[in-house]
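Below is one structure, written out as structure tokens; comments come after it.
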Amino acid sequence: MNCIKGIIPPMITPLKGDDELDLEGTSRLVEHMLAGGVHALFLLGTTGEAQSLTYRLRYEFVERVCRQVAGRVPVLVGITDTALDESVRLAEHAAKCGAVGVVAAAPYYFAPSQQELIEYYTALADRLPLPLYLYNMPSLVKVFLEPATVKTLADHPNIVGLKDSSANMTYFETLIYHLGDRDDFALYVGPEELTGECVLMGADGGVNGGANLFPELYVAMYDAACKHDIVRVRELQHRIMQISTTIYTVGKYGSSYLKGVKCALSLLGICDDYLSYPYRKFRAEERSRIRQALEALGVKCVG
């Protein structure tokens, strides 16, 4: 497959309950992001609450979104799990629905060694019906995919890229140094605060949660960075940092970012802000702070 370049929002999973999708909200959110010019969608990642969702709901969500997108942009599906067979089953379902690739972070609980990660990802990639993107998410899975490990895995014919959410620029620069000249291996950055910088240095794009809210902003940042328009990059970076430091930082929760994104989407009238257990949506006081943050950005709230 050709390397996907650009902004790939890690789509939230709009919910009405722990095992119930917000169907109208899902439809509106897909169209909102596509209208904003995003280059692909990524389902069931961290922003999608994947590990909190029932398997039944994950399968339904993939099927519904793929059907609605209908090939307009590529769809990637997160298959991170602690059981390799479950990852394979979800990948097989994703392939049947029309997804073009799958994404997997390291299995979480006991932290695997680097050699175990090499053997795990090799076994997984050997069995998958779709190309695999590695997902470096050390804050949540307790282990880094070290550059030497990524280099080894990049030689597997079915491992085609990596999303890095470490927010460690030295790490990402090391990956670019070793793998940036390979057209068959994509490098994406997760933290949107770093997208402009990373694309300037050779990254293929950003997997940015804020693109659920303001897709055109992150697409504009990607375009400006590709053109090396530093003045425009700095202008857009200011707005991205305003979003990051207000909407994502309300309350002392590990899930503040996700609560903020979902709350903002509900205030924009796009989808419900229900979060699956054990996480709960913002209450009135916190919701008021998100409303104020949106208004400070010049955005009209309707919810």
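Among complete DSSP H helices in the chain, none has alpha-carbon atoms stretching at least 27 Å along the helix's long axis together with a mean Kyte-Doolittle hydropathy reaching 0.0. Judged by the gyration tensor of its Cα atoms, with axes a ≥ b ≥ c, region 237-284 is oblate; a/c meets the 1.5 cut and b/c is at least as large as a/b. Taking a Cβ cut-off of under 15 Å around S166, the surrounding Lys, Arg, Asp and Glu residues balance to a net charge of -4, with basic ones at +1 and acidic ones at -1. Between H39, L23, Y55, the Cα set farthest toward the positive side of the dipole of region 1-96 (charges on each charged residue's Cβ, about the Cα centre) is that of H39. Efficiency by 1/(1 + (r/R0)^6): what FRET value for D181 and E285, r their Cβ-Cβ distance, R0 = 45 Å, to the nearest 0.05? Efficiency at R0 = 45 Å is approximately 0.35. For region 36-72, state which trypsin sites (Lys or Arg not before Pro) are in a DSSP loop and have at most 15 other beta carbons lying within 10 Å of their beta carbon. Filter output for region 36-72: R72. Summing +1 for each Lys or Arg and -1 for each Asp or Glu among the other residues whose beta-carbon sits under 11 angstrom from that of I8 gives +1.
Write down the Å³ per residue value for the convex hull defined by the alpha carbon atoms of region 141-230. Numbers along the way, then the final one.
Numbers: hull volume 9.7 nm³, N = 90.
Dividing the Cα hull volume of region 141-230 by its residue count gives 108 Å³.
Dividing the convex hull volume of the alpha-carbon atoms in region 62-187 by its residue count gives 107 Å³ per residue. For the chain, the Cα gyration tensor yields ellipsoid semi-axes of 28, 23, 18 Å (square root of five times each eigenvalue, largest first, whole Å). Note on the chain: GNM, Cα springs under 10 Å; of L275, L76, L57, the largest mean-square fluctuation is that of L57. The convex hull defined by the C-alpha atoms of region 76-144 has an orientation-averaged projected area of 4.0 nm².
Want the number for E119 to T170: 0.36 nm per residue separation, take away the alpha-carbon distance, what's left?
Extra length from E119 to T170 when fully extended: 15.8 nm.
For the pair S27 and T245, label points projected 7 Å from Cα toward Cβ lie 4.0 nm apart. Once the convex hull of all Cα atoms in region 134-185 is built, its volume per residue stands at 70 Å³.
Only Lys, Arg, Asp and Glu carry charge here, each on its Cβ (+1 for the first two, -1 for the last two); on that basis the chain has a dipole of about 820 debye about its Cα centre. Counted by Cβ distance under 14 Å from A225, the other residues give a net charge of -3, where Lys and Arg count +1 and Asp and Glu count -1. Per-atom-type breakdown for the chain gives carbon and sulfur 52% of the accessible area (1.4 Å probe, protein chains only).
In the chain, taking the dipole from charged Cβ atoms about the Cα centre, the farthest positive-side position among A211, L179, L90 is held by A211.
Heavy atoms of the protein chains alone define the surface here; on that basis the chain has 42 Å² accessible area per residue at 1.4 Å probe size.
From helices alone, the chain scores -14000 deg cm²/dmol at 222 nm; the rule is -39500 (n - 2.57) for each run of n ≥ 4 DSSP H residues, then divide by the residue total.
Dipole size of region 1-157 about its Cα centre, with +1 on Lys/Arg Cβ and -1 on Asp/Glu Cβ: approximately 460 debye, rounded to the nearest 20.
The values are calculated or read from the model by the stated rules, or taken from the named source; none is laboratory data. Everything quoted here is computed from the prediction, not taken from an experiment. Neighbour counts are summed over all protein chains in view; Cβ atoms, including those assigned to glycine, are modelled from backbone coordinates with ideal geometry. Quick note on the areas: whole protein, heavy atoms, side chains included, nothing else; ligands and nucleic acids left out. Shrake-Rupley method; radii C 1.70, N 1.55, O 1.52, S 1.80 Å.
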